[in-house]
1. Please determine whether any residue of the range 120-136 is on the phi < 0 side of the Ramachandran plot and under 21 Å from the mean Cα position of the chain (by Cα).
2. Quick one: in the range 277-309, which of the residues that are among the polar types (S, T, N, Q) and in a helix (DSSP H, G or I) is nearest to Y265 (Cα to Cα)?
3. Taking the range 127-184 on its own, how many of its residues are closer than 23 Å to S203 by Cβ and either hydroxyl-bearing (S, T, Y) or not assigned by TED's automatic domain parsing to the domain that holds Q262 (or both)?
4. Specify the residue that is nearest to I66 (Cα to Cα); the eligible residues are those in the range 30-46 that are surrounded by 13 or more Cβ atoms within 10 Å (Cβ to Cβ) and under 23 Å from the mean Cα position of the chain (by Cα).
5. Please work out which residue is surrounded by the most Cβ atoms within 10 Å (Cβ to Cβ), limiting yourself to the range 248-276 and to residues that are part of a loop (DSSP other than H, G, I, E, B) and touching a residue at least 60 places away in the same chain (Cβ under 8 Å).
6. Let me confirm something: among D134, D65, which residue is surrounded by 10 or more Cβ atoms within 10 Å (Cβ to Cβ) and over 30 Å from V9 (Cα atoms)?
7. What is the one condition in (1) assigned to a loop (DSSP other than H, G, I, E, B); (2) within 30 Å of A42 (Cβ to Cβ); (3) free of Cβ contacts under 8 Å to residues at least 40 places away in the same chain that G177 does not satisfy?
8. Checking the condition touching a helix residue (DSSP H, G or I) at 6+ places or on another chain (Cβ under 6 Å), loosely packed, with under 14 Cβ neighbours inside 10 Å, in the same structural domain as I166 (by TED's automatic domain parsing) and in contact (Cβ under 8 Å) with a residue 24 or more places away in the chain, which residue from G219, G193 passes?
Amino acid sequence: ASFPDAPEVRTESAYRAWLLRLVGILGDPVRGRRMIDAANAAGVKLQGNGYGYRQAFRNPVSRSDIDLLHAVLRRTWGELPTVADPTAGGGSIPWAASRLGLPVVANDLNGVAASVLKAGVEIPATRGLDLLPDIRKWGDVLVKRVEKRLKEFFPLNEGESVIAYIWANAVPCPRTGRLVPLLTDKWLRKTAGKEAAVQLVTSVDGTELREPRFEVVLGREVDKADAGTGTIARGKAVSPYDNLVIDGDYIKETAQSGGMTQILYAIAIRKPSGERTFRALNERDQEALRAADRNFDEVKDAWFASGVLPTEEFPDGNDLR
């Protein structure tokens, strides 16, 4: 009765459909997910993304839908409610509320997250499209400068683009001193027909390695039993060199004393065809890591002195694991 000209709120089913449209869901995501899983299991590539509509956040909300939402909220609350998110992280909740024209109060203790909120939510919401030319201009300048500066540390094979570098924590084996990666399993992807995993290599031609190498196996070549077996479970690890247990207390002590390190064990890439897959590190990747370490050693003292890297002590009572 309050909205006689709004068919979107006349019935429960109409209201549900309208609410989904408001948040950018323009189809049946459950059905879409089932179709994607079935296609992956059959090794079939679907047209588009499988859902039949773009990602929800890419779908614009009409002015009429926003006006109706505001009318419904004012009818319910007497005024537009404020969306408060004191631990907003990167800002997905305040961003969604902002695009619906709702008052938002958001922040985060993490300085990086707070900066992302400022740049990604507050400024676009208050400046609008007037800011777009400047963002494109100076964003392009920044990207080119960063690419030029960091290119040597991120080598690419021809035609590929890197999606992610996949790392694991590692500690020295207490008996052999050799590096033990702490992996809960060796899977990279479990999708049927597109399986991917790593295999640990601890010796080459009879020569024992100081730290393991990793080979990437794909599809039917994946040994599922091996892929499901990691080197750490319930806080205890197993050394791949002697198959003996590494005590959890040793791992904690090593981490707290600064002895834990990280090891890069696979790279997720996109091929020119658009296919997402994984590959093992090659010599260029290894040299890039060494170059990055050398470069960091040259600048770290200056970065600590200037505050680029944090040096604050952890407050008493914080979890130092």
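The values are calculated or read from the model by the stated rules, or taken from the named source; none is laboratory data. On a predicted model such as this, the values are computed, not experimentally measured, just so you know. Please note: Cβ atoms are built from the backbone with ideal geometry, for glycine as well, and neighbour counts cover all protein chains shown.
1. Yes, because at least one residue in the range 120-136 is on the phi < 0 side of the Ramachandran plot and under 21 Å from the mean Cα position of the chain (by Cα).
2. Q286
3. Number of matching residues: 1.
4. If we take residues in the range 30-46 being surrounded by 13 or more Cβ atoms within 10 Å (Cβ to Cβ) and under 23 Å from the mean Cα position of the chain (by Cα), then G32 is nearest to I66 (Cα to Cα).
5. Out of the qualifying residues, it is M260.
6. D134
7. (2)
8. Answer to the check: G193.
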